[in-house]
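The values are calculated or read from the model by the stated rules, or taken from the named source; none is laboratory data. Because the structure is a prediction, the values reported are computed rather than measured. Note that we place each Cβ from the backbone using ideal geometry, even for glycine, and neighbour counts take in every protein chain shown. Surface areas here come from the heavy atoms of the whole protein model, side chains and all, with no ligands, DNA or RNA. Shrake-Rupley method; radii C 1.70, N 1.55, O 1.52, S 1.80 Å.
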Amino acid sequence: LRFRLAGYPRKHNEGRVEVFYNDEWGTICDDDFTLGNAHVLCRHLGFVAATGWAHSAKYGKGVGRIWLDNVNCAGNEKSIGDCKHRGWGNSDCSHEEDAGVVCKDERIPGFKDSNVIEVRKLLARVGDVQDVTGCGAVWELGVQESNTGFPGSWQGVGAWQSLVAGDTSTATGHTGHGSGLLSPHRLFTERQQLNYRLHSVSCMGTEVHLSMCSFEFYRGNSSAACGAGMPAVVSCVPGPLFATGNAHKKKQRQQQQQQGQPRIRLKGGARVGEGRVEVLRSSEWGTICDDRWNLQSASVVCRELGFGSAKEALTGARMGQGTGPIHLNEVQCRGTEKSLWNCPFRNITQEDCKHSEDAAVRCNIPYMGYENLIRLSGGRSRFEGRVEVAVGAGDGDQPRWGLVCGEGWGTLEAMVACRQLGLGFANHGLQETWYWDASNVTEMVMSGVKCAGHEMSLSHCQHHGASLSCRNTGTRFAAGVICSETASDLLLHAPLVQETAYIEDRPLHMLYCAAEENCLASSARLANWPYGHRRLLRFSSQIHNRGRADFRPKAGRHSWVWHECH
C-alpha cells in the first residue's frame, strides 16, 4: 500500500488521504472516521501522530475509486488494512465524503518520503543517447511562449517507451533543465526497432511533470504503431550551474551581468537545487510565507534559478527558519511566469505569518553522474569514511580509484564531498583516517584540494592536478568525512549588536574576573591595579540557529572549563 496527501489549500502535513491499491489511487470515506484512523494513516505518511481529521471533502473532492468505508482503527495498528472496514472497494459514499487528516508536524526518524513526484531513472539515459524517440503523428501542441522566447506551435512530438516528451517547459523541466527546444525529427543515428507506448500527449507547459499532461496508451502491437509519425528530439538548455562549454558559460555570464544582483536565492538546503526560498526586497533579504504555496509557484522559483521544475513544494520551514522580514504571502503563480516577482502575491502583515511557516523547494536538477566518481570506505555507517575518488574515467577507460591527501583538508572540502555523495551536510572534515583502514585502495591521486564550499564535485575545486604534492602519502593521512542529513546553522543577529552597543568607562577594581577570563586587551596587564579604569565597548548579542538540527559544541561537557566568574 502507498499513501499520499492531496487537495487544496493545505500544508505539507495535512490533506485528503489517498491510497494506492490494486494499481489505482483512491480515497477513504469519512463514515465512522476517528482520530485512531488518523493516527494510523499519519504514520503511513511518515508523521509520528495525528492531531485531527477532516470530513466532507474539506480538501476538495477526489477522483477514482473510494477504496475504504466505515474504517475503525484503535490507533496502534501497523497498517490501515489491519483495521476493521467494509472491504476494499465496498462503499456507499460519494467523493463529497472524502476524509482528510491533520498530522503532527514531526517526522518519523529515517522515514523516506514517498509522497514526491520522482523522475524515473530512465530519464538519466536522455543524457547518454541524446535523443528521445517517439510518435508524434497525432500530437499538435500550441505553445504561447516557450522558455527560449520563441512563440509558435510545435507539431508531431511523441514518446520513447514510457518517456513522454512534452512541451519545452514540461519536457525539460522534470529532467532538471530550465528550458529547451522540442521538434519532430527523424533519427538516422541509430536504426533499431522502436516501441511506442504513448500518443496524443498534450501539455499546457505549466505542468511540473509529464505525467500530469493528458495522453493515451497504444494498445496491442506497439512496434507497429506510429506508422506515419516520427521520433521526437529534445534539446535542453543547461542552467548556469550545469553549463559545461565555454560558449555556454560566456553567454550565462553576460546574462547575469545584464540582470545585475539576483533577487532570489535558496538557503539551508544540503543538496544542489533545494532550500528555503529567500527574496531581496528594499535591499533586505527575507522569506516567503507558505500560505497557498504549491508546485506551480515552486517551479517558477526553480526555473528562475536555472534548475528544472519543482519536485516538491515544502511548507512549515522544512529547510529551517529564516530571519529578518517575511516579504511575501499567498504567492499564486500560474507556472508560465519568468520570475516569482511576476506572480500575484499578498504583502505580509505582522499577524499573518511566522518564520515557522517559511516556504522552501526541492528542484529537479540534471543528472550529472558526479556521485559515481566518489565513495567512502571504512566508516561505521554510509555517512562516514575515508574519501576515495575516481580518476581517468572520462576517456573510456575503467576509472582508477585513489585517495585524497588530507593536508589542508577542512570543513569546506568536506561540504563539497558530502554534497557530491548526496549525503547532506558535513559534520567533520578529517585529515587523518588511520582508524578507517578497511580498503585495498592505497594510492594518493589528488592533493592540494581547496574548495569555496559551493562546488558540486571535488574535481571543480582547486587542486594540484597531475603534479601531486603531499608530504605524508601514507593511507593514515588520507582525507575523510562525516556527513549528516541535517545540521545547525548559526547566525549572529547583527542589527541587535548595532542597536545596543555603547561605550563605558569601568573601574579596574570591578574587572578582576574579566581580566582572569582574558576579556581585556593585553595592555590591561600594565595598568595600575586596582586603581584607574578601562574603556569598554559593550553590547548585547543574540545567535539564532536557522538550521534543522540542534547546535552541539564539538567539545564534550567533560572538557568544558568552569569558572566562578560565570
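Things worth noting here:
- Residue match in segment 265-280 (condition: modelled with pLDDT of 90 or more, touching a strand residue (DSSP E or B) at 6+ places or on another chain (Cβ under 8 Å), closer than 20 Å to GLU330 by Cβ and among the basic types (Lys, Arg)): yes
- Residues satisfying the stated conditions in segment 439-467, i.e. open to solvent by less than 10 Å² (accessible area, probe 1.4 Å) and out of contact with any helix residue (DSSP H, G or I) (no Cβ under 8 Å at 6 or more places or on another chain): SER447
- Residue within segment 368-386 that is in contact with an Asp or Glu (Cβ under 9 Å, 6 or more places away or on another chain), at pLDDT below 90 and not assigned by the TED database to the domain that holds VAL272 present: no
- Filtering THR473, THR486 for residues that are over 32 Å from the mean Cα position of the chain (by Cα), polar (S, T, N, Q) and at negative phi leaves a single hit, THR473.
- When the test is whether a residue is crowded, with 18+ Cβ neighbours inside 10 Å, at pLDDT 90 or above and touching a Pro at 6+ places or on another chain (Cβ under 9 Å), CYS343 does not pass it.
- In segment 480-523, residue farthest from LEU412 (Cα to Cα) [restricted to those that are at pLDDT 90 or above and of a type in the set (Asp, Glu)]: ASP505
- Enumerated strands (runs of 3 or more DSSP E) restricted to segment 1-119, each holding at least 2 residues that are open to solvent by 60 Å² or more (accessible area, probe 1.4 Å) and in contact (Cβ under 8 Å) with a residue 60 or more places away in the chain: 2-6
- Within segment 359-415, being of a type in the set (D, E, K, R), part of a strand (DSSP E or B) and more than 30 Å from GLY286 (Cβ to Cβ) holds for ARG375, GLU384, ARG386, GLU388, ARG400.
- Being within 19 Å of GLY110 (Cβ to Cβ) and under 28 Å from the mean Cα position of the chain (by Cα) is a condition met by at least one residue of segment 12-21.
- The number of residues in segment 428-438 that are modelled with pLDDT under 90 and surrounded by 18 or more Cβ atoms within 10 Å (Cβ to Cβ) comes to 1.
- Yes/no for GLN321 being over 23 Å from VAL208 (Cα atoms) and either touching a residue at least 24 places away in the same chain (Cβ under 8 Å) or not in a loop (DSSP other than H, G, I, E, B) (or both): yes
- For segment 516-559, a residue qualifies if it is open to solvent by 100 Å² or more (accessible area, probe 1.4 Å) and either of a type in the set (Phe, Trp, Tyr) or part of a loop (DSSP other than H, G, I, E, B) (or both), and the qualifying residues are ASN518, ASN528, TYR531, PHE539, ASP550, PHE551, ARG552, LYS554.
- Those residues of segment 282-295 which are over 16 Å from the mean Cα position of the chain (by Cα), outside any loop (DSSP other than H, G, I, E, B) and under 22 Å from ARG334 (Cα atoms), in sequence order: THR287, ILE288, CYS289
- Meets criteria (open to solvent by less than 30 Å² (accessible area, probe 1.4 Å) and in the same structural domain as GLY392 (by the TED database)) for GLY474: no
- Residues of segment 315-327 classified as out of contact with any helix residue (DSSP H, G or I) (no Cβ under 8 Å at 6 or more places or on another chain) and either open to solvent by less than 10 Å² (accessible area, probe 1.4 Å) or within 25 Å of THR206 (Cβ to Cβ) (or both), total: 4
- Selection count, segment 281-303, where residues are open to solvent by 20 Å² or more (accessible area, probe 1.4 Å) and closer than 18 Å to ASP358 by Cβ: 7
- From the options ALA466, ALA452, residue that is modelled with pLDDT under 90, in a loop (DSSP other than H, G, I, E, B) and aliphatic (A, V, I, L, M): ALA466
- Segment 62-82, residues that are acidic (Asp, Glu) and either within 22 Å of HIS95 (Cβ to Cβ) or in contact with an Asp or Glu (Cβ under 6 Å, 6 or more places away or on another chain) (or both): ASP69
- Number of residues in segment 409-468 that are in contact (Cβ under 8 Å) with a residue 12 or more places away in the chain, at negative phi and among the small types (Gly, Ala, Ser): the value is 11.
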